[in-house]
1. Run the paramagnetic zone check for B:S135: 7 angstrom along Cα to Cβ, then residues of the stretch B:14-39 with backbone nitrogen under 19 Å.
2. So what's the protein assembly as shown giving for Cα Rg divided by 2.2 N^0.38 Å, two decimals?
3. How shielded is B:96-109 by partner chains, expressed as the average number of their Cβ atoms within 10 Å of its Cβ atoms?
4. Only bridges with both residues in chain A count here: give the DSSP antiparallel percent, nearest 5.
5. For an R0 of 41 angstrom, estimate the FRET efficiency from the Cβ-Cβ distance between B:E281 and A:M146 and round to the nearest 0.05.
6. Rounded to whole Å and sorted largest first, what semi-axes of the equivalent ellipsoid does the C-alpha gyration tensor of the stretch A:85-152 yield via the square root of 5 times each eigenvalue?
7. Which angle between 0 and 90 degrees, to the nearest 10, do you get for helix B:261-282 versus the longest principal axis of chain B when only C-alpha atoms count?
8. For helix B:12-22, report the angle its Cα long axis makes with the longest principal axis of the Cα atoms of chain B; keep it between 0 and 90° and round to the nearest 10°.
Amino acid sequence: MELTFTVNGRTVNVDVPGGTTLLDVLRGSLQLTGTKEGCVEGECGACTVLVDGRPVDSCLYAAHAAEGRAITTIEGISTDGELSALQRALVDTGGVQCGFCTPGFVITLTALLEENPTPIEDEVRAAIVGNICRCTGYTQIIDAVMETVEGGR
Amino acid sequence: MRTLEFRTVTKVDEALESLSQLGDEAQVLAGGTDVMIQYQRGELHPATLLHIEGVEELQRLEQDGSVTLGALVTHRRVSRTLADRLPALSEACATVGGWQTQEVGTVAGNVCNASPAADTIPPLLIAGAVVDLASGGGTRSIPLEQFVLGRRKTARAPDELVTAIRVEPLPPGAGEVYLKVAPRSAMEVALVGLAVRLQLDQDRVVTDARIATCSVAPVPFRVRGAEEVLVGSRLETDAVAEAADLLRAAADPIDDVRATAAYRLKVLGPLLERAATIVGERAGGATRWS
C-alpha cells in the first residue's frame with residue numbers, strides 16, 4: 001500500500017504493507033536510523049517522533065495513519081549541521097551518556113519547548129514520564145532543559 | 001499471513017458503511033496505542049484496520065449541561081481542559097501512559113479496549129457515563145455499566161461505532177478523585193484504581209455517593225452497597241470503615257504479574273479512606289476558601 005507524507009520537510013513516497021509501523025518505515029524504508037526501537041509497547045519513548053508537531057511513539061503509530069502528515073525525526077532537529085540549543089545543552093550538562101534514549105528525549109523536549117518555552121521543572125518532569133533513560137538518572141537531562149530555558153530568556 | 005487492508009475514513013457515514021460491510025473483520029483504529037500493540041503481538045487478526053483518526057465529527061468536546069466526549073477526544077485533551085468539571089477523569093487521563101500515549105490515545109478507545117485495569121472507566125462510572133453507538137441501522141445509547149461486559153468484551157455489535165461518551169460533570173458542592181495504586185507515579189498499569197464522587201450538604205452530610213473501582217475484578221464496577229453506607233453519613237471513621245468492608249466484599253481480584261489478590265484487597269480499604277478524606281476536602285469548594 002502506497003503512502004505519502006513529509007519527513008523533516010521532504011516529501012517521501014513508500015510502498016509498505018498495511019499495519020506497518022511508522023518506526024519501521026522511518027528506520028527501514030527511509031534509513032532514518034536516528035529514531036530508536038526500544039520496547040515496542042509504548043513504555044520507553046526511544047522511538048518518539050513528531051506527527052504534525054505532536055510527540056508520538058512511532059512504534060505504535062501505523063505508518064498509513066501518517067498519510068499527508070508532517071513527521072519530524074531527530075535528523076530534522078539540527079539545522080545545517082548546527083545542534084539546537086537544547087541539543088547543545090544536553091551535551092554540555094552530561095545529559096547524553098550511552099545516547100540510545102537521546103533522540104526520543106530531544107523530540108519530546110523539543111515539543112515541550114515549542115508548546116511552553118518557559119516550563120518549570122515539574123512541567124519538564126511531567127513531559128518526560130514516557131521517556132526512559134537508564135544512564136543519567138534524568139537530573140542532567142532536566143538541567144539541560146532548564147539551561148536552555150535560561151539561555152532563551 | 002494474509003494481507004491487511006488499511007482503510008482511512010474521514011466521515012462517520014463512511015466508517016459505518018465499512019463496518020456494515022466488514023463486521024468483525026474490521027478493527028477500528030484511532031491513536032493505536034492499544035490496537036497496534038495487540039496487533040503486533042498477534043492478539044488481533046483483522047482483515048482491515050479502519051482508521052478513524054481523521055473523522056472531524058468525532059473530535060467534538062461539548063460542554064453544556066452534560067459533557068460530551070466525541071470518540072476521538074484524547075487523554076491529553078481531557079486532562080488539559082476538564083480538570084474543573086471532571087477532576088477524577090482528568091486525573092485518570094493524566095496517568096494513562098506518558099505524553100506520547102495521552103497525545104493520541106482516546107478515552108473511548110480506553111473504554112472499548114475493556115481492560116480490567118482501564119483507568120478511565122471508574123471516573124466515567126461515577127460520572128454516570130452513557131455510551132453512544134451508531135450503525136447503518138441507526139443509533140442507540142447504553143449506560144457504561146452495561147457496555148463493558150468482560151475482559152476485552154463490550155456490548156458493541158460488530159457493525160457499530162462508538163461515537164461519543166456522555167457524562168454528568170461534577171455538580172456544584174460535590175467533589176471527586178481518582179486514586180491509583182502502583183509502584184511508580186507514572187507509566188503504570190493500576191494495581192488498584194478507585195474513583196469516588198461525593199455530594200455534601202451545608203452540614204457536611206453526604207447526600208450522594210458514587211464509588212467505582214478497577215483492577216479488582218474482570219470488569220471495573222460501581223460499588224453500590226458501599227455508596228449507600230456513606231449516604232447520610234458525615235464520613236465518620238465507622239461509616240468509611242463499613243463502606244471499605246463492603247468494597248472489599250464486592251471485589252474479586254486475581255493474582256497476576258503485578259500484584260497478588262491479597263495485596264489488592266489489603267489496599268482497597270486504606271485507598272477508600274484516603275479518597276474519602278480528599279473528596280471531603282474538595283467537596284463544598286465554594287466554602288472551602290472562605
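1. So the set is B:14-29.
2. Normalised Rg, Cα atoms only: 1.02.
3. 6
4. On the way: 14 of 16 bridges.
If I count the DSSP bridges inside chain A, around 90 percent turn out antiparallel.
5. With R0 = 41 Å, the Cβ-Cβ based efficiency is 0.80.
6. 17, 13, 10
7. 70 degrees
8. Result, in degrees: 70.
Values in this text are rule-based calculations from the coordinates and carry no lab data. Being a predicted model, the structure only gives us computed values, none of them experimental. With ideal geometry, Cβ positions are generated from the backbone for all residues, glycine too; neighbour counts draw on all protein chains shown.
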